[in-house]
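Derivation of every value follows stated rules applied to the coordinates shown; laboratory data play no part. The shown structure was predicted, so the numbers you read here are calculated from the model rather than taken from an experiment. Please note: Cβ atoms are built from the backbone with ideal geometry, for glycine as well, and neighbour counts cover all protein chains shown.
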Amino acid sequence: MSDSADTGFPHRHLLGIEGMLPPAISFLLDLADTYVEQNRAVDKKKSSLRGRTQVNLFFEPSTRTSTSFELAGKRLGADVLNMAVARSSVSKGETLIDTAMTLNAMHPDVLVVRHQDSGAVHLLSQKVGCAVINAGDGSHEHPTQALLDALTIRRRRGRLDGQVVAICGDILHSRVARSNIHLLNTMGACVRVIGPPTLMPRNIEELGVEVHHDMRKGLAGVDIVMMLRLQMERMQGAYVPSLREYFHFYGLDQEKLSLAKPDALIMHPGPMNRGVEIDSTVADDINRSVIREQVEMGVAVRMACLDALTRHLPNVGAPL
Ligand code: NCD
């Protein structure tokens, strides 16, 4: 993953947060900060990716992630192509590699990939000549989500280290949780995970988190409450008795939130299931909820990632 060129960012691809060092994370967040300002200006366009081709290859549905990657590429002046790939009956490995080789022949500079299988994006990165960004692979990693969450927290709180962050809900199926755990631990925050035993990965404490099954105890004194969606599409069988019961024990409402610090921030990567993992009064609380700010930070973070990775690319066309 390393590259010798000194661009301030030492990676050729962005496949996950695991293994990234604090300077690389801070580099991306600092760069993203500058794009937040640019995105609030009237002229939002730059030309640092002019001449570059970005292909967004999404094997799974997406709203925020795909639109923000598209906007990010366009604001940097790249030509952006969106490919929504329907699931095929061909075996997944073959489909993925065939698609990758076809796209590679068109000389893209960046491939942004979301895939339902953990590890698929890493595999693809070994087959193509361009930079690859993981936009979510199975329940493995979703690095740009963790970066945008970190940017949101850092801008609100001025720092990441020392923040106590509770990640709540369906931890088992969540690539958002995994990437956030790696990032927050690397940057010196303290992470608690809260959820029912059925939705908690085995040995999760080995990632350096405090595990809670009682939401009230887990939320006591935290700075940040990060809620996760129940990922029904990844569940085979019953992981929760009923949605009503789930909300009763693990849904964030004003009463459970009152156990966190009085100024604790509420986060959610979206899409939200209102009344399942979060109550509308909490999700829409203008003083505490930063859910819309997360979406805004998503564009800036993705611009920073595209910018940092394309600095490594050669400036002249290479033969296949
Ligand atoms: C998340 C994802 O796709 O992993 N959403 C997102 O990227 N905004 C979380 C989810 O789907 O619940």
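Descriptive notes on the structure:
- For I286 and N39, a Förster radius of 22 Å and the Cβ-Cβ distance give a FRET efficiency of 0.55, rounded to the nearest 0.05.
- Dipole moment magnitude, nearest 20 debye, segment 67-199 about Cα centre, only Lys, Arg, Asp, Glu C-beta charged: 580 debye
- Look at the alpha carbon pairs under 8 Å that are at least 6 residues apart: their mean separation over the length of the chain gives a relative contact order of 21 percent.
- Of Q116, Q294, Q254, the one that fluctuates the most in a GNM where the chain has Cα springs shorter than 10 Å: Q254
- Extreme residue, positive dipole direction of the chain, given options Q231, G298, H13 (C-beta unit charges): G298
- C-alpha long axis of helix 175-186 to longest principal axis of the chain, angle in °: 90 degrees
- Label-point gap, in nm, between E245 and E233 - each point 7 angstrom along Cα→Cβ: 2.7 nm
- Cβ-based exposure ranking for I97, I167, in which fewest neighbours within 10 Å come first: I97, I167
- Excluding same-chain neighbours fewer than eight residues apart, the lysines reachable from K256 by a Cα-Cα span under 17 Å are K217.
- Three-way shape call for segment 136-275 based on the alpha-carbon gyration tensor, with the a/c threshold at 1.5: oblate
- Bridge type composition, segment 57-173 - antiparallel percent by DSSP, nearest 5: 10 percent
- Rounded, prolate or oblate (a/c below 1.5 giving rounded, otherwise prolate when a/b exceeds b/c) for segment 246-287 by Cα gyration tensor: oblate
- The chain - mean residue ellipticity at 222 nm from DSSP helices (-39,500 (n - 2.57) per run, n ≥ 4, rounded to 500): -11000 deg cm²/dmol
- In terms of its C-alpha gyration tensor, segment 51-208 has an oblate overall shape, because the principal axis ratio a/c (a ≥ b ≥ c, square roots of the eigenvalues) is not below 1.5 and a/b does not outweigh b/c.
- By the rule of a C-alpha distance below 13 Å, with chain neighbours fewer than 8 residues away ignored, the aspartates and glutamates paired with K127 are E94, D98.
- DSSP beta bridges in the chain [antiparallel fraction, %, rounded to 5]: 5 percent
- What you get for the chain, charging only the Cβ of Lys and Arg (+1) and of Asp and Glu (-1), is a dipole of about 500 debye around the Cα centre.
- Cross-link reach is defined here as a Cα-Cα straight distance under 25 Å, omitting same-chain residues fewer than 8 places apart; for K46 the lysines meeting it are K74.
- The long axis of helix 92-104 is offset from the longest Cα principal axis of the chain by roughly 40 degrees.
- Amide H contacts of V112: V55, N56, L57, I133, each under 5 Å away and 5 or more positions distant or on a separate chain (H built 1.01 Å from N in the peptide plane; Pro and chain starts excluded).
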